[in-house]
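The values are calculated or read from the model by the stated rules, or taken from the named source; none is laboratory data. Treat the numbers as computed from the prediction; the structure is a model and nothing was measured. Backbone-built Cβ (ideal geometry, glycine too); neighbour counts: all protein chains shown. Note: accessible area is taken over every heavy atom of the protein model, side chains too, but ligands, DNA and RNA are not part of it. Shrake-Rupley method; radii C 1.70, N 1.55, O 1.52, S 1.80 Å.
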Amino acid sequence: MSDLEQRIEQWRAELAQSQAVAASDINELESHLRDDIAHLQEAGLSEAEAFLVAQHRLGDTSRLAREFRKVNGDRRPLEHLSWMALGVLVYLLVGYVATGLSQGSVLVANLLGVQGYPLGVVALTARAMTFMGLMALLWTVLSSGKCRRPTGFSDRRTARVLVAGQLLSRLAAVPVLGVAEWGRIAYVSNFGRLAWYAVGPILLAVAAIALRTHALRSRRAWADGPSE
Amino acid sequence: MAVSKDLVAASATPLILSILADGDSYGYAIIKRVKDVSGGRMEWTDGMLYPVLHRLEKQGLIESYVQTSETGRRRKYYRLKRQGTKALAEHKSQWMLVHNTLQQLWERKPCLT
């Protein structure tokens, strides 16, 4: 990442701190900043100078955030929520695709004459490989920086730790448990999955309501407070 | 001579509406136009334009759409709506009234007696 890109990323992060500036607002401001930087560079300023002048012209980030808050209200909790929901969906999707592919490969292996213990190995390997493959793909996309970081989702490390945890636990399970043991615990894990599908949505709904209440309360607080 | 902050704030809406009446535009170009037309004497803190644009959009006076420019950058353009044209006419008559009033007061009256 070039020096300018780094400075812009830092400036974006500063704006994202605010509860009021939405990702789309920041994108719009960034477009302005880049236009001004290009214009100033044409006039003979260096990249660093152009950035400083353009940033100054655009205005102090905290003052900008205050102005946006008057128009937007406090919207970050809702944005958080939408990104959380998207994350859950992607995770579920990866799980479904992995299951589908592993079951497909078991079917193919069975048709090719593989049966019994080796079939179990095929099933387990296929499941682990597809899940890890998809997670690795997701990780690559997230770390490549091509994916614009959503406002408020400031800690990419958390996501990395979660993905790494998933991968490691799956890797460790195969040699530690063995295929036979895996079969024995299948119904326990299926029971756990059932519980997650039942409890998960309730937990998500509770989180959604809590966030929504928080967002509304802070918006009301702004409406009541002095408009500076 | 720079225009006072209050006057800049008060004139922001009619300025934006007038520029959009000439054709769709985006934030950076709007500010540039104001600077050019005023000969650089109307200084805005650039960022403050955007909350005003968003407020006008919420009020239904303008609408926005995203378009990719020739340089490949995605820009948010604003377009004047019918409601905005009406609002601009209203602003115009109010500003003209203020302008005419001040002009009459400032005109040197000939002393006939």
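So how far apart, in nm, are the two label points at A:Trp139 and A:Leu167 if each is 7 Å from Cα heading toward Cβ?
My value for the distance between the label points is 0.1 nm.
Name the shape class, rounded, prolate or oblate, that the alpha-carbon gyration tensor gives for region A:3-72, where a ≥ b ≥ c are the square roots of its eigenvalues, rounded holds for a/c under 1.5, and otherwise prolate holds if a/b is larger than b/c and oblate otherwise. Can you show the working numbers first?
Details: a/c = 2.36, a/b = 2.03, b/c = 1.17.
Prolate, since a/c reaches 1.5 and a/b exceeds b/c.
Roughly what would the spin-label model give for A:Lys70 and A:Leu4, points 7 Å off Cα along C-beta, in nm?
Roughly 3.3 nm, to one decimal.
Once every Cα of region B:5-106 carries one equal point scatterer and solvent is ignored, give the base-10 log of I(q)/I(0) from the Debye formula at q = 0.23 Å⁻¹, two decimals.
Log10 I(q)/I(0), no solvent term: -1.34.
With the solvent-accessible surface defined on protein heavy atoms using a 1.4 Å probe, which residues belonging to region A:43-68 display a reduction of at least 20 Å² in accessible area in the multichain context relative to the isolated chain?
A:Arg57, A:Leu58, A:Arg63, A:Leu64, A:Glu67, A:Phe68
Stokes-Einstein D for region A:1-134 at 10 °C, 1.306 mPa s, Kirkwood Rh over Cα pairs, in µm²/s?
Answer from the Stokes-Einstein relation: 84 µm²/s.
Here are some pairs, A:Lys70/B:Lys32; B:Lys5/B:Lys32; B:Lys58/B:Lys86; B:Lys5/B:Lys81; B:Lys35/B:Lys81; which of them have Cα atoms lying more than 21 Å apart in this structure?
Table pairs above 21 Å Cα-Cα are A:Lys70/B:Lys32; B:Lys5/B:Lys81; B:Lys35/B:Lys81.
Peptide A:25-37: average number of partner chain Cβ atoms within 10 Å per residue?
Working: counts 5, 0, 4, 11, 5, 1, 8, 11, 3, 3, 10, 4, 0.
The shielding value for this peptide is 5.
In chain B, what percent of the accessible surface is made up of carbon and sulfur (1.4 Å probe, ligands and nucleic acids excluded)?
With neighbouring chains kept in place, the figure for chain B is 54 percent.
If DNA, RNA and ligands are ignored and the probe is 1.4 Å, what is the ranking of B:Met96, B:Met48 by accessible area, most exposed first?
In descending accessible area the options line up as B:Met96, B:Met48.
Helix B:49-58 sits at what angle to the longest principal axis of chain B, using alpha carbons and giving 0 to 90 degrees rounded to 10?
Tilt of helix B:49-58: around 80 degrees.
Can you give me the angle between helix B:27-37 and the longest principal axis of chain B, using Cα atoms only, in degrees from 0 to 90, rounded to the nearest 10?
That helix lies at roughly 30 degrees to the long axis.
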